[in-house]
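Report on one structure; see the data block that follows.
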Amino acid sequence: MVIIKTIVLIVPLLILLLSAILLFSLRKVFLKRNVTKKVRNDILTCSACGVGVHESLTRKKNSKIYCSEECINS
Ligand SMILES: [Zn+2]
């Protein structure tokens, strides 16, 4: 009977703990999403001509950022 009482006490605590961990990891995912959204809205500078370009329009080569194919080849 003592074992059953212990289980009855521990199980809700475990469920509470698991849901807390789940909520915490979900919060992390949402925070990560916000970070990537922020990066997507950044204006980056072209390594060749120095023009400000929206992140979605940039071209990357050798870990450098360029605004157009002409700048990559220059
Ligand atoms: Zn450029």
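What follows is calculated from the coordinates using simple rules that are stated; it is not laboratory data. Small disclaimer: the values here were computed from a predicted structure and weren't measured. Glycine also receives a Cβ, built like all others from the backbone with ideal geometry; neighbour counts cover every protein chain displayed.
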Please identify the pairs in which a residue from the range 49-66 that is more than 12 Å from the ligand (Cβ to nearest atom) has its Cβ atom under 6 Å from the Cβ atom of a residue that is not β-branched (Val, Ile, Thr), counting only partners at least 6 apart or on another chain. GLU55/ARG40; GLU55/ASP42; GLU55/LEU44
Would you say LEU22 is surrounded by 10 or more Cβ atoms within 10 Å (Cβ to Cβ), within 11 Å of the ligand (Cβ to nearest atom) and not in a loop (DSSP other than H, G, I, E, B)? no
